[in-house]
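Novice: Input: one structure, supplied below.
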Amino acid sequence: MTPVVVRQRNQITIPKAIAEQAGITEGTVIDLMYANGVITVSLPGHRAEPVDVSRWAGRFNGVWGRDQEEIDRNIRETRDSWERGPTQ
């Protein structure tokens with residue numbers, strides 16, 4: 001990750017090495033998107049397709065237990081087994 005400074009009128013400069021790797025030159029149009037605290041810069045036509053996570057729904061039923069009590073117990077036991085550093 002390369003930090004950049006936002007200048008007057010919200011302008012940023014894309015570092016030369018990154019611009020060269022991406023093929024960005026003067027006049028290149030880029031897409032900007034903001035979501036959940038993250039700004040994404042992409043070249044038109046190069047955006048990742050959204051992933052439909054609904055196909056995973058229900059795939060892991062029973063992994064932590066058969067009922068809520070068993071799930072809570074297993075998670076509690078797992079957390080209790082973690083090594084923890086000193087607390088302040």
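Novice: So in segment 6-32, with the set limited to residues that are among the small types (G, A, S) and in a helix (DSSP H, G or I), which one is nearest to S42 (Cα to Cα)? Please lay out each step first, then the result.
Specialist: So the first thing to find is which residues in segment 6-32 are among the small types (G, A, S), and the list is 17, 19, 22-23, 27.
Checking which are in a helix (DSSP H, G or I) leaves us with 17, 19, 22.
Working: A17: 16, A19: 12, A22: 9 Å.
Within segment 6-32, the match that is nearest to S42 (Cα to Cα) is A22.
Novice: Using the structure shown, decide if T40 is assigned to a strand (DSSP E or B), surrounded by 10 or more Cβ atoms within 10 Å (Cβ to Cβ) and not hydrophobic (A, V, I, L, M, F, W, C). Lay out the reasoning, then the answer.
Specialist: Working: assigned to a strand (DSSP E or B): yes; surrounded by 10 or more Cβ atoms within 10 Å (Cβ to Cβ): yes; not hydrophobic (A, V, I, L, M, F, W, C): yes.
Taking the combined requirement at face value, the residue satisfies it.
Novice: Polar (S, T, N, Q), surrounded by 10 or more Cβ atoms within 10 Å (Cβ to Cβ) and under 26 Å from the mean Cα position of the chain (by Cα): is that true of T28 in this structure?
Specialist: Here the answer is yes, as T28 does meet what is asked.
Novice: Of the residues R79, R55, R73, which is basic (K, R) and either surrounded by 10 or more Cβ atoms within 10 Å (Cβ to Cβ) or part of a loop (DSSP other than H, G, I, E, B) (or both)?
Specialist: Only one candidate passes the filter, namely R73.
Computed from the coordinates by the stated procedures, all read-outs in this text should not be read as laboratory data. Small disclaimer: the values here were computed from a predicted structure and weren't measured. Counting neighbours? That spans all protein chains shown, and the Cβs are built from the backbone with ideal geometry, glycine included.
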